[in-house]
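For reference, the structure is listed below as C-alpha cells.
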Amino acid sequence: MLLNRIFYFILTVLFTVACQKTSDIIPNNTENSLIDSINQYYDSSKRKSYSVTQRLNYINKAFNLANKYKNDTLLLKTITYKTQLLSKNKELDSALYSTHEMLRISEKLLDTFSIGKAYYKLGLYHNNNDSRDSSYYYYNLSEDIFSRLNDSLQVGKVLLNMAIIQSDYGDYFGSDETAIKALKYLKSPKDNKHVASTYNCLAISSKKQRDYKEALYWYNRALNTTDSKINKLRYSNNIANVYTKQNNYQRAISSYDSILKNSLVQMNLKTKARVIDNLTFARWLMTGSHNLESSFIEALNIRTKENDSYGLIASNSHLSEYFEKLDKKKSIYYAGKTYEISTHVNSIDDRLDALNKLLRLETDSNKIKKYSELYIHLNDSINDLRESDKNRFAKVKYDTEKNRAENFSLKIKDAENKIKLEKASRQKTIYLFGGLLFILSSIFVYFQIKTNHKKEKLQQVYNTETRISKKVHDEVANDVYHVMTKLQSDSNIKEDVLDDLEHIYAKTRDISKENSAIDLNENFYDSLKDLLLSYRNEDISIVTKNLSKINWKSVSDIKKMTIYRVLQELMTNMKKHSKASVAVLSFDETKYKVIIEYIDNGIGCDIKKGGGLQNVENRIQSVKGTITFESQINKGFKANITV
C-alpha cells in the first residue's frame, strides 16, 4: 500500500515537471481559445454602446489574431466589418485599402459573394471620396458578380447607386434607364427601402430636367413606399421643393409648416435647417417680405455648426437672392460664399449658378471679366466632362455586356467543338479500347504483384522481429535472469560480475521490447501513446499533440507498423544520444496521409544517415512515405514524417 502511494506521488511529480518544462514550447492559447478570443473581440466591436474608436480597436485586435492564426475565413470576417467601421469613422483612404485586402482574401477563398461585396464597398467608398468614375467602375463589377449569383437584392442595390451617379453627372436618360432596371430586381416587400430610394432618384432626374409633374409622380411613389419615418419627411420636403419650383408657394409653405412641427425633424438638425431654409425661401418668393433675414440666418448657423457643406451652398444661394434688391454688397458676399463652398466640394452646377449671380451683380469690370472667363471655361468643361462621363459609363456597361456575350458565345463554340471531337474520338476509342484495356490490366497486375510482394516483405520483417523478440525474451533473458538468481545466493561472486549480468539482462529485455508484437487493431492508439510516454522520466519530458485526433482505423496495418517502429527508433536515439530535456511530437492528417513532426531540444548533430537513421529512412520509403531530418550542433533535432 505504501509502495503504491510512493509510486503515484513520483508519477505526479514527473507530470508536473513535464508540464513546467514544456510551458516554453507549447503556447498557453489552444486553437479553440484563439478562435474564442477572435470572436469575443469581434462581438465587442459590434457593440453600439462603444465609440467608433473603441470598436475599431477591438476589430483590429480580432484581425491581428486571425492574421497570426492564419485563418483566412476569420480574416475575411473581421476585415469586412473593419472596412465598415473605418468608413463610419471617415477614414476613407484606410477603408479603401482594407477593402482591397478584403477583395484579395475573398479571391483566395474563391468566395464569389464576398468578391461582389468587396467590389460594392469599393464603389461606395470611392463615391464617398468623390471619385465617382472609380465608384461607377467598381459598382459595375459588383453588378456583374451578383447577376451571375442571381442575387436580385444586391443587383438592385448596385444599379440604384449607379443610377444616382449617372444623375449627378447629368446623364439623366442613362440614370432613368438604370433606375428602371433596378426596379425589375427589387420586387420583394423587404426591398421597399431601396425601391423608395429608386423612385427618389427618378424624381430627382425629372426635377433637374424641369419636368416637375413627373418629379411629383415619383416623389409621391417614394413617399407611399418607404417605411422610414425620417425618409417620409425628406420626401415630403422634396415634394414641397417641387411646389416651390411650380410657383405653388401656398401649398409648399403648408407642407413645410407641417414637416417642421414633426418631433423627428426637431431632433435631426440637418433636416430641420433644410426645412427652415426652404420654408423661408418659399415665403419670400410669395410675399417679397424684407423681414425674413433672421430665419435664413438661423438655418445658416445650424448648417455651419453641423458642417453641412451642401446645405451651406443652399443657404448662401438663397441669402444672395434675398439681398439682391435689398443690399447688393451682401448679395455679392453670399454669392461669393456659394462659389467658394461649391468649389470646395466640387459641385459644378452650384459653381455655375454662383458665377451667374456674380456676373449679374458685379459692377467692377475686372471682376466681371474674371467671372466671365471662369463661367465660359467651367461651362465648356462641364459639357465636355458630362459627355465624357456618359461615354465612359456607356463603355463600362458595353464592355461588361460584351464580355458576357463573348463568354456565352465561346461556351457555345466550345460545346460544339467538344461534340465534334467526341464523335471523332469515339471511333478511335472503339479501336484502341481493347489494346488499352490489355495494357492497363497488365500494368495493374504488375503493380499489384509488386505491392503485395512489398507487403509480404514488410510482414516477414515484422514477423522476424517479433519472433526474435520472443526468442530473446523467452530464452536469453530468462536464462540470464536464472543465472543471476543463482549467483546472488553465492557470496563468493564478485559484485561487478552481477552488475555485468544485470546489464546484459537489461539489454536483452530492451531488444525484446523494441521488437515485440504491436497491437495494430483497436488499441493501436493506446500502444503508440504508451510507447512514447515510456521514454519519459524525471529528466525527459515527452509531449504529444493531436495524437488522439488521428483516425487510426483508416490507416493500413503496414503503415501503422512502420510509424510505430520509426518513432521507436527516433525516441531511442533521443534517449541515448541527444541529451534532450523535452521532445514534442505533433500529429496531423489529410485525406490520405498521416503527418508527424518530431522536435527535441537536445545537443543536435551533423546529419549522417548511418545505422539508426538509415534504417528509419528505409522503413518510411518502403511504404512510399517521406522523412526529412534537420539538426545543428546545440540546436536540437527535428524530423518531418509523411506516410
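Only the coordinates and a few stated rules stand behind these numbers; no lab work does. Here the structure is a predicted model, which is why all the values come from computation and not from measurement. Cβ sites come from the backbone with ideal geometry, for glycine too, and all protein chains shown count toward neighbours.
Loop only per DSSP, at most 10 neighbouring Cβ atoms within 10 Å: give me the trypsin sites (Lys or Arg not before Pro) in the stretch 561-608, ordered by residue number. Each step should come with its number before you reach the end.
Values: sites: ARG565, LYS575, LYS576, LYS579, LYS591, LYS593, LYS608; in loops: LYS579, LYS591, LYS593, LYS608.
Sparse-neighbourhood loop trypsin sites (Lys or Arg not before Pro): LYS591, LYS608.
For a quick check: with amide H placed at 1.01 Å from N, whose amide H comes under 5 Å from GLU589's, ignoring anything fewer than 5 positions away on the same chain?
Amide H to amide H, under 5 Å and 5 or more residues apart or across chains, GLU589 pairs with ILE595.
Once phi is turned into ³J(HN,Hα) by the Karplus curve 6.51 cos²θ - 1.76 cosθ + 1.60 with θ = phi - 60°, what whole-Hz value does each residue of the stretch 176-189 show in order, with x for glycine and proline?
For the stretch 176-189, the Karplus curve yields 4, 4, 5, 5, 4, 4, 4, 4, 5, 8, 9, 10, 6, x Hz.
Regarding the stretch 520-642, what whole-number volume in Å³ per residue does the convex hull of its Cα atoms give?
Convex hull of Cα atoms, per residue: 91 Å³.
List the chymotrypsin sites (Phe, Trp or Tyr not before Pro) within the stretch 125-227 that DSSP assigns to loop and that have no more than 11 neighbouring Cβ atoms inside 10 Å. Mind dumping the intermediate values first?
Working: sites: TYR125, TYR136, TYR137, TYR138, TYR139, PHE146, TYR169, TYR172, PHE173, TYR185, TYR199, TYR212, TYR217, TRP218, TYR219; in loops: TYR169.
Within the stretch 125-227, no chymotrypsin sites (Phe, Trp or Tyr not before Pro) qualify (loop, at most 11 other Cβ atoms within 10 Å).
Please give me the summed charge of the neighbours of LYS370: other residues whose Cβ is under 12 Å from its Cβ, Lys and Arg +1, Asp and Glu -1. Numbers along the way, then the final one.
Numbers: positive: LYS367, LYS369; negative: GLU362, ASP364, GLU373.
Here the count lands on -1.
In the stretch 291-377, what GluC sites (Glu not before Pro) fall in a loop by DSSP, with at most 16 other Cβ atoms inside 10 Å?
On the way: sites: GLU293, GLU298, GLU306, GLU321, GLU324, GLU340, GLU362, GLU373; in loops: GLU306, GLU324, GLU362.
Here the sparse-neighbourhood loop sites are GLU306.
For the residues THR343, THR363, THR178, what sequence is obtained by ranking on other C-beta atoms within 10 Å, fewest first?
In order of increasing Cβ crowding within 10 Å: THR363, THR343, THR178.
Take the residue pairs LYS70/LYS529; LYS208/LYS261; LYS48/LYS184; LYS68/LYS638; LYS90/LYS157; LYS88/LYS108 and return only those whose Cα atoms are more than 32 Å apart. Write down the numbers at each step before the final one.
Details: LYS70/LYS529 30 Å; LYS208/LYS261 28 Å; LYS48/LYS184 35 Å; LYS68/LYS638 23 Å; LYS90/LYS157 22 Å; LYS88/LYS108 27 Å.
From the list (LYS70/LYS529; LYS208/LYS261; LYS48/LYS184; LYS68/LYS638; LYS90/LYS157; LYS88/LYS108), the Cα-Cα distance tops 32 Å for LYS48/LYS184.
From the backbone phi of the stretch 252-262, what are the Karplus-calculated ³J(HN,Hα) couplings (6.51 cos²θ - 1.76 cosθ + 1.60, θ = phi - 60°) in whole Hz, Gly and Pro given as x?
For the stretch 252-262, the Karplus-derived couplings read 4, 4, 4, 5, 4, 4, 5, 5, 5, 6, 6 Hz, x marking Gly and Pro.
What FRET efficiency comes out for ASP526 versus HIS100 if R0 is 41 angstrom and r is the Cβ-Cβ distance? Round to the nearest 0.05.
Working: r = 52 Å, r/R0 = 1.26.
Step by step, r from the Cβ atoms, then E = 0.20.
What does the net charge come to around ARG55 if you take all other residues with beta carbon closer than 13 Å to its beta carbon, with K and R at +1 and D and E at -1?
Details: positive: LYS46, ARG47, LYS48, LYS61, LYS82, LYS88; negative: ASP43, GLU91.
Result for the neighbourhood of ARG55: +4.
Excluding ARG619 itself, calculate the net charge of residues whose Cβ lies under 9 Å from the Cβ of ARG619, where each Lys or Arg counts +1 and each Asp or Glu counts -1. Numbers along the way, then the final one.
Details: positive: ARG565; negative: GLU569, GLU617.
Neighbourhood net charge equals -1.
List, in order, the whole-Hz ³J(HN,Hα) value for each residue of the stretch 165-173 obtained from phi through the Karplus relation with A = 6.51, B = -1.76, C = 1.60 and θ = phi - 60°; use x for Gly and Pro.
Couplings: 5, 4, 5, 4, 8, x, 8, 5, 5 Hz.
How many Å³ per residue does the convex hull of the Cα positions in the stretch 218-359 occupy? Walk me through the numbers before you get to the answer.
On the way: hull volume 16.5 nm³, N = 142.
Looking at the stretch 218-359, the number lands at 116 Å³ per residue.
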